[in-house]
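Inspection log for the structure reproduced underneath, given as structure tokens.
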């Protein structure tokens, strides 16, 4: 990344909700990790959002609503075969 580019100009932004610093402090000091992290990316006409889930869970679209909106996704752990 060149020195003249700000972080705000990067194509993907990660946001911890509700307060990023408090969530990280709570995780480090109390061992309580945030349930999800919201990722967003500007797209033509708006933005695309997705929840980032703790491993091994994955963000899965509900099949209803916009696939550009994180509210239509949930974190689900895939079933693994033996």
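Applying the criterion of being out of contact with any strand residue (DSSP E or B) (no Cβ under 8 Å at 6 or more places or on another chain) and closer than 22 Å to residue 79 by Cα to the residues of region 20-60, the residue that is surrounded by the fewest Cβ atoms within 10 Å (Cβ to Cβ) is 55. Among residues of region 23-44 that are at negative phi and touching a residue at least 40 places away in the same chain (Cβ under 8 Å), those with a beta-carbon under 9 Å from a residue that is loosely packed, with under 13 Cβ neighbours inside 10 Å and not in a strand (DSSP E or B) at least six positions away or on a different chain give the pairs 35/54. The strands (runs of 3 or more DSSP E) located wholly in region 31-82 that include 2 or more residues which are under 24 Å from residue 21 (Cβ atoms) occupy 37-43, 46-52.
Every number here is computed from the coordinates shown, using simple stated rules; none is lab data. What you see is a predicted model; the values in this text were computed from it and never measured. Note: ideal-geometry Cβ built from the backbone for every residue, glycine included; neighbour counts use all protein chains shown.
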